[in-house]
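The values are calculated or read from the model by the stated rules, or taken from the named source; none is laboratory data. Bear in mind the structure is a predicted one, so any value in this text is a computation, not a measurement. Glycine also receives a Cβ, built like all others from the backbone with ideal geometry; neighbour counts cover every protein chain displayed.
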Amino acid sequence: MTTQNTFTGSFGQVAPWTDLINSLEHNGLGQTTDHLQNPAWLKAFLHHWKFAAPPTRPIPHKSLIALRALFREATEKLFAGKTPNPADLRKLNTFMSVWAHSKLFQRQNGFVLQEVPRHATWPWVEAQIAKSFATALAEGQFQRVKVCPDPLCRWIFYDRTKGKTRVWCNEKTCGNRNRVRRSRAANK
């Protein structure tokens, strides 16, 4: 049986939006896994990002897939040096338009001002994921966001190297596999 701990290594690399995009995982060998269809993956995702688990209503797969597709399209455009179009921004704003209010909490180390939902539902979770993407756009974080050039992978990753020189999502898998492909093609 799959447990929450199984997924912890795959979360938290950048922000919730990158985890959502990468929930459609291509292994580089032509196989694709849609983690949104796995309730254990979703539970681990919600737990990792500290999203309150929505009531046991049906999971809005169509809506989550639409949000993931919006992020993928916008990220691919940004990576190619283009900007998201106004329709993409309207869709993003629609996902973020959920009723919330500010609330002051006293914690162990002082006071914290938090935005809390009127109702902890799936639209609230989607709004928080969309907000993480909007924050990345507004703060210029996309200078370090890259897309793996392997056409069978296309993993979204954050380049933490000093000179922004990282090319592959994983040098040992995608990088090595593509060097072998180029070598074999050159030897033909």
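Any residue in segment 17-34 that is part of a strand (DSSP E or B), of a type in the set (Asp, Glu) and in contact with a helix residue (DSSP H, G or I) (Cβ under 7 Å, 6 or more places away or on another chain)? Yes, segment 17-34 has at least one match. Of all residues in segment 98-130, those satisfying the criterion of being over 14 Å from the mean Cα position of the chain (by Cα) and surrounded by 15 or more Cβ atoms within 10 Å (Cβ to Cβ) are Val98, Ala100, Pro117, Thr121, Trp122, Pro123, Trp124. The single condition from (1) touching a Leu at 6+ places or on another chain (Cβ under 7 Å); (2) surrounded by 12 or more Cβ atoms within 10 Å (Cβ to Cβ); (3) free of Cβ contacts under 8 Å to residues at least 40 places away in the same chain that Phe71 fails is (3). Taken over segment 68-84, residues that are within 18 Å of the chain's Cα centre (by Cα) and either among the charged types (D, E, K, R) or within 17 Å of Pro117 (Cβ to Cβ) (or both) amount to 5. For segment 136-165, the set of residues classified as under 21 Å from the mean Cα position of the chain (by Cα), at negative phi and part of a loop (DSSP other than H, G, I, E, B) consists of Glu139, Arg144, Cys148, Pro149, Asp150, Pro151, Leu152, Cys153, Trp155, Asp159, Arg160, Thr161, listed by residue number. Within segment 142-163, the residues that satisfy the criterion of being without any contact (Cβ under 8 Å) to a residue 40 or more places away in the chain and touching a strand residue (DSSP E or B) at 6+ places or on another chain (Cβ under 8 Å) are Arg144, Cys148, Asp159. Of the residues making up segment 114-135, one or more are touching a strand residue (DSSP E or B) at 6+ places or on another chain (Cβ under 6 Å) and among the aliphatic types (A, V, I, L, M). Flag: Gly175 does not match the condition of being on the phi < 0 side of the Ramachandran plot and in a loop (DSSP other than H, G, I, E, B).
Among the candidates Phe133, Phe51, the residue that is of a type in the set (Phe, Trp, Tyr), outside any loop (DSSP other than H, G, I, E, B), surrounded by 14 or more Cβ atoms within 10 Å (Cβ to Cβ) and in contact with a helix residue (DSSP H, G or I) (Cβ under 9 Å, 6 or more places away or on another chain) is uniquely Phe133. One residue alone among Val112, Val98, Val116 is of a type outside the set (Gly, Ala, Ser), farther than 30 Å from Pro149 by Cα and outside any strand (DSSP E or B), and that residue is Val98. Here Trp41 clears all of (1) at pLDDT below 80; (2) outside any loop (DSSP other than H, G, I, E, B); (3) surrounded by 13 or more Cβ atoms within 10 Å (Cβ to Cβ) except the condition numbered (1).
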